[in-house]
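A quick write-up on the structure given underneath.
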């Protein structure tokens, strides 16, 4: 045992040193994620819109609510276009290309994503985060 003591003491000291170093110095080596405040969008309802679809025998009545990036973005857009006529026009032009099936189930999510993309492309920036649909009616016109 006396012969092992000179070997055991440095080994135990090394293990303790590694353990303590790992707990004390280790967290300092891990980079902290940047402090990012959650992005709070601003909702704005565009009211009811009626759109003739690509298949001319169908119309869609939709009530979109846009989530803008922030209040400053919405204010800047409304300063230039108080009624958001340009955004409404983009929505009409974009949705008019679709068929009734594109407003149902999983396809609806892709259709609304296309609307958001069209608006953001027009402004050259991500001004709209999402679009919500509070009312949706698809109707076949009488022949």
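Quick look at the values:
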item: Among (1) on the phi < 0 side of the Ramachandran plot; (2) modelled with pLDDT of 90 or more; (3) surrounded by 15 or more Cβ atoms within 10 Å (Cβ to Cβ) - the single one residue 122 does not satisfy; result: (3)
item: Scan of the stretch 125-137 for residues that are closer than 16 Å to residue 49 by Cβ and surrounded by 13 or more Cβ atoms within 10 Å (Cβ to Cβ), ordered by number; result: 128, 131, 133, 136
item: Test: residue in the stretch 104-116 that is at pLDDT 90 or above, surrounded by fewer than 16 Cβ atoms within 10 Å (Cβ to Cβ), part of a helix (DSSP H, G or I) and in contact with a strand residue (DSSP E or B) (Cβ under 9 Å, 6 or more places away or on another chain); result: yes
item: Whichever residue in the stretch 50-80 is part of a loop (DSSP other than H, G, I, E, B) and more than 24 Å from the chain's Cα centre (by Cα) and, among such residues, is nearest to residue 134 (Cα to Cα); result: 53
item: Test: residue 83 is without any contact (Cβ under 8 Å) to a residue 12 or more places away in the chain and assigned to a helix (DSSP H, G or I); result: no
item: Residue list for the stretch 66-96, filter: within 29 Å of residue 142 (Cα to Cα) and either exposed (fewer than 13 other Cβ atoms within 10 Å of the Cβ) or in contact with a strand residue (DSSP E or B) (Cβ under 8 Å, 6 or more places away or on another chain) (or both); result: 88, 89, 91, 92, 93, 95, 96
item: Residue check for residue 119: in contact (Cβ under 8 Å) with a residue 24 or more places away in the chain, within 16 Å of residue 59 (Cα to Cα), touching a strand residue (DSSP E or B) at 6+ places or on another chain (Cβ under 6 Å) and assigned to a helix (DSSP H, G or I); result: no
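The values are calculated or read from the model by the stated rules, or taken from the named source; none is laboratory data. On a predicted model such as this, the values are computed, not experimentally measured, just so you know. Methodologically, a virtual Cβ is constructed for each residue, glycine included, from the backbone with ideal geometry; neighbour enumeration extends over all protein chains shown.
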